[in-house]
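Working notes, structure below.
The values are calculated or read from the model by the stated rules, or taken from the named source; none is laboratory data. Owing to the predicted nature of the structure, the values given are computational and were not obtained by experimental measurement. Glycine gets a Cβ as well: all are built from the backbone with ideal geometry, and neighbour counts include every protein chain shown. Remember, those area values only see protein heavy atoms, side chains included, never the ligands or the DNA or RNA. Shrake-Rupley method; radii C 1.70, N 1.55, O 1.52, S 1.80 Å.
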Amino acid sequence: MGCQDEQLVQTICDLYEKISKLESLKPSEDVNILFKQLVSTCIPPNPNIDVIKMCDKVQEIRLNLIKICGIAEGHLEHHFSSILTSFQDNPLHHLNIFPYYNNYLKLGKLEFDLLTQNLNGFVPKSVAFIGSGPLPLTSIVLASFHLKDTIFHNFDIDPSANSLASLLVSSDPDISQRMFFHTVDIMDVTESLRSFDVVFLAALVGMNKEEKVKVIEHLQKHMAPGAVLMLRSAHGPRAFLYPIVEPCDLQGFEVLSIYHPKDDVINSVVISKKHPVISTGNVGGPNSCLLKPCNCSKIHAIMNKNMMIEKFGAREEQLS
């Protein structure tokens, strides 16, 4: 790393020290200022920052910072979900009061475009979101603007989060009929996972490599062959905010692409498919547009103004 890169890492470490000394991570002037500084420091793309190669001390700070960010994010979502549910009319009409709402609009559009491209036009009938939280904005954005006939099942281990989220959508005549909430540890969900065309895994479900891989292994075991798994990851200095998901973590899945946004969308997006069961019969639903498992290891990188795209393998013919 150059001097500027070292200074960037030191700035992040200094902010961690200040944040770790806060009495509470609930929204307040001090909390808001420090996390705004942290995000603005981490968000500019920097290809020279590879957190995996950093020293043990920085690695420890990064892991602690991800946990702290997760706690703070939970408090922030609880705070704004509580405010939104106090509106007399439909709370979903006021989502723009959440400071990162535009970020979710962009992320939702990005993820929908990825689905459209990789499912060859197939529209998922049923979607699961794991780690939906008290403010399930991904599900709400996708259901409202992109997947208007799809059923969404949201899974979260926190009953208070699901209670708020359910209340949030209850006044909307359309969304409330297509969105369901389940209070359960996803590691205890087995057979029902086979019913979903697409499964989203939130960035903070599994805050370290070992936990993340265990969840992915569980999903691989129980998801339907050919179903899509979409994950949030992080790249460069943004990996101080969220865990990284690498292709080698997705055993039993075909990684189709990894998108690294370069704008204010913080999370990278990984899209993959569970390896299909090869069959000569007619296959319906998403299986009908499956790609055969690809043995090509070459990574094609495409750069544009707002994102870096890593394409894995070459597209092959659809299964018959």
What is the local net charge at ALA143, summed over the other residues whose Cβ is closer than 12 Å to its Cβ (Lys, Arg +1; Asp, Glu -1)?
-1
From the helices alone, meaning DSSP H stretches of at least four residues, give me the mean residue ellipticity at 222 nm for the chain, per-run term -39500 (n - 2.57), in deg cm²/dmol to the nearest 500.
-11500 deg cm²/dmol
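For the chain, what does the equivalent ellipsoid look like in terms of its semi-axes, each the square root of 5 times an eigenvalue of the Cα gyration tensor, given largest first in whole Å?
Numbers: eigenvalues 189, 140, 57 Å².
In descending order, the three semi-axes are 31, 26, 17 Å.
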Using a simple charge model, +1 on the beta-carbon of Lys and Arg, -1 on the beta-carbon of Asp and Glu, nothing else, what dipole does the chain show about its Cα centre, in debye to the nearest 20?
680 debye
Sorted by accessible surface (1.4 Å probe, heavy atoms of the protein chains only), largest first, ARG194, ARG178 come out as ARG194, ARG178
In this model, which of LYS106/LYS209; LYS26/LYS214; LYS18/LYS67; LYS18/LYS57 are farther than 19 Å apart at the alpha-carbon?
LYS106/LYS209; LYS26/LYS214
Cα lying deepest toward the dipole's positive end in the chain, options ALA234, LEU22, ILE186, charges on Cβ
ALA234
Stretch gain in nm, segment ILE97-SER28, where the contour uses 0.36 nm per residue and the Cα spacing is subtracted
23.2 nm
For the stretch 170-223, what are Rg and Dmax over the alpha carbons, in angstrom?
13.5, 41
Would you list, by chain and number, the aspartates and glutamates whose Cα falls below 13 Å from the Cα of LYS221, excluding same-chain residues fewer than 8 positions away?
ASP188, GLU191
Return the single residue from VAL31, VAL265, VAL228 with maximal mean-square fluctuation; model: Gaussian network over the chain, springs between Cα atoms under 10 Å.
VAL31
Probe 1.4 Å, heavy atoms of protein chains only: per residue, the accessible area of the stretch 60-183 in Å² is 42 Å²
Computing the accessible area with a 1.4 Å probe over protein heavy atoms, can you report the carbon and sulfur percentage for the chain?
53 percent
Subtracting the Cα-Cα distance from 0.36 nm times the residue separation, let me have the gained length for ASN64 to ASP264 in nm, one decimal.
69.7 nm
Just to be sure I understand: with springs between alpha-carbon atoms less than 10 Å apart, which residue in SER163, SER28, SER268 has the highest mean-square fluctuation in the Gaussian network model of the chain?
SER28
